[in-house]
Amino acid sequence: MALLRLFMLMGTLLLSATSLLQAEGGLKYSYVPKKVYAKQIFPLTIADTRNIKTKPLYQFDPKSGIAPLSKKPLLIRNGDDSFYTFYFKAGNTNEVVTPRIFVDDNDHFTILDAQHIPIVHLEPHKDFCGVLAADMKIRNTQVSHYDEKNYLVTLSVEAYEANLEDMYIEGASEYGVEALNRKGAKCTAEFYVVLPETQKMLTFDYFNTIKQQYSTLQVPIELRDTTVVTQTDLNPKEDSFDKLKKYAFMVLTGFFLLMFLFYRDFFYLVLGVVSLITLLTFYIPHKKICVKQGAPLYILPTENSDFSTRIATKTETSLLGERGVYKKIEYKHGIVGWIKDEDLCKN
């Protein structure tokens, strides 16, 4: 009996010591959402109000069924206080239980208890794309031929606290997410979807978790001139910049030649010739490459990208760009895609 009482006393002291360490440590939750939606990316914030700052080391209970999307927290300082935010993704059940967090701040060892957060399920909604976000924008759009009857629409998406990996378009024959990247609350991705050529507008809704309502995004489906499409990469801004450079060197060439005619100074003639030569480099024909029969034509230059079609016969075509082991080409009827180095013809 005495031994039992001793163990009970030691347990009580240990619990008291743990509570004291938590109180003295100055590390506690400053934000825990009262509810989250199914598949929502949500934040969990820890406040550090200690007088003496050391970099805390966070560890998450491995027995928990959920882990943060990144073990590196988003750090925000406000005066003498620091706030560490971790992001989690809710499941499709009725409750999300966050893991216990063990914090080693050198002077103290703090345990932050698991949090039980109820999950709310959204009602079915027409045109919902599956994304829940604090904000979502389409930064760039590229439209190219997929086959004789369909377009391939590629969207460069930027969102915050968003599950972009779940994005889809209802009724589309093919769609997917590539190049997903998270940094703190910010998430970017390339989303592609195959749509019929007759469709002139892509309209879809995402659920705004701040406003707690659906927001609509619209993207016009406009195929630019084939010569423009084949010179651009995933980012349409690059082609606009090339045009700007061409116009700039045209103006410079004309200006320097006029100055030469007016002042008869060969210095201006040299500058004019240099500008003209630089301008002509923009119009040099693309290098030709040979592609094997049956080679897959990938939608994006990434390892997990789907391919839109296969090269029907051994083909010689123009090299439009390179990215790692991928080569960008134009296939028949203006269909643009990427092939791997291994699918080039052998000499």
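The values are calculated or read from the model by the stated rules, or taken from the named source; none is laboratory data. Predicted model only: the values in this text are computed from it and were never measured. Ideal geometry is used to build each Cβ from the backbone, glycine not excepted, and the neighbour counts take in all protein chains shown.
If you scan the range 34-58, which residues turn out to be of a type in the set (S, T, N, Q) and surrounded by fewer than 19 Cβ atoms within 10 Å (Cβ to Cβ)? I'd like the intermediate steps shown before the answer.
Kept after step one, since they are of a type in the set (S, T, N, Q), are these residues of the range 34-58: 40, 45, 49, 51, 54.
Across the range 34-58, the qualifying residues are T45, T49, N51, T54.
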Those residues of the range 58-81 which are among the acidic types (D, E) and in a loop (DSSP other than H, G, I, E, B) amount to D61, D80
Report the residue count in the range 61-80 for those that are in contact with a Pro (Cβ under 6 Å, 6 or more places away or on another chain) and surrounded by 18 or more Cβ atoms within 10 Å (Cβ to Cβ).
-> 0
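Please find, within the range 289-311, the residue that is surrounded by the most Cβ atoms within 10 Å (Cβ to Cβ) out of those that are small (G, A, S) and closer than 13 Å to D343 by Cα.
Looking only at the range 289-311, we keep the residues that are small (G, A, S), and these are 294-295, 305, 308.
Remaining after also requiring closer than 13 Å to D343 by Cα: 294-295.
Details: G294: 11, A295: 22.
Among those residues, the one meeting the criterion is A295.
Pick from A185, A172, A134: which is closer than 22 Å to D306 by Cβ and touching a strand residue (DSSP E or B) at 6+ places or on another chain (Cβ under 8 Å)?
Working: A185 fails: closer than 22 Å to D306 by Cβ; A134 fails: closer than 22 Å to D306 by Cβ.
Of A185, A172, A134, the one residue that is closer than 22 Å to D306 by Cβ and touching a strand residue (DSSP E or B) at 6+ places or on another chain (Cβ under 8 Å) is A172.
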Within the range 93-100, is even one residue farther than 30 Å from P196 by Cβ, touching a Phe, Trp or Tyr at 6+ places or on another chain (Cβ under 7 Å) and not β-branched (V, I, T)?
-> yes
Filter the range 135-156 for residues that are at pLDDT 95 or above and surrounded by 17 or more Cβ atoms within 10 Å (Cβ to Cβ); which is farthest from L297 (Cα to Cα)?
-> D135
Mind listing just one residue for me: the one in the range 190-207 that is buried (at least 16 other Cβ atoms within 10 Å of the Cβ) and more than 14 Å from Q142 (Cα to Cα) and, of those, nearest to the chain's Cα centre (by Cα)?
-> Y206
Do any helices (runs of 4 or more DSSP H) lying entirely in the range 210-308 carry at least 1 residues that are of a type in the set (A, V, I, L, M, F, W, C) and at pLDDT 80 or above, and which ones are they?
-> 237-263, 266-281
Counted residues, the range 84-96 - those being exposed (fewer than 14 other Cβ atoms within 10 Å of the Cβ) and outside any loop (DSSP other than H, G, I, E, B) = 1
